[in-house]
Amino acid sequence: MGQAAGDQNWSVDRSQVSVSETFEGSERIGAARDLARSFLTRLQVAHGARVPGRTSGAVELVVSELVTNALKFAPGPCLLSLEYKYGAIHVSVRDSDPSLPVIGRPDPARVGQHGLEIVMAVSEKLQFHQDPGGKQITSSIPLSDDRRDHGAGRRP
């Protein structure tokens, strides 16, 4: 993962902006949300992108759910990466557990464990990548405020 907890790695070029940071410990979930807010603010102020409130909320929710799951179910730190490219925000979380998550069937009687269902509902695309060193989950959330372009409810 190559970074000490709390170190941010920003990258900017004309067509994309990205930041990544390593998090460890459940108290860091709030810091992950702070990084997402900072990223979205920078995207708006420094790069002139219009980020609708619905998109900001979806990005913060996805960051919170994915980082929470990584810190809860995988040993060691996780790497959160946020990237803007192709008109969408891509939220990726990499952890050390190669086991892919199981997405339960919708069950309104189930208490808890709805995080990935929520992430799927707000993501245009949700991808899982597994390798011997762990896994990476990436959610793509378009900047468009047009619900027809949002893809709510799509499955990976």
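Please treat every number below as a calculation from the coordinates, not as lab data. Since we're looking at a predicted model, the values are computed, not measured. In this analysis, Cβ positions are derived from the backbone assuming ideal geometry, glycine residues included, and neighbour counts consider all displayed protein chains.
A compact table of results
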quantity: Difference of contour (0.36 nm per residue) and Cα-Cα distance, His47 to Arg110; calculated: 18.4 nm
quantity: Cut-off 11 Å between beta-carbons: net charge of the residues surrounding Ser81, Lys and Arg +1, Asp and Glu -1; calculated: -1
quantity: Charge dipole (region 48-142, unit charges on Cβ, about Cα centre) - positive-most of Pro142, Ala70, Val91; calculated: Pro142
quantity: Cβ-defined net charge surrounding Asp97, 12 Å radius [Lys, Arg +1; Asp, Glu -1]; calculated: +1
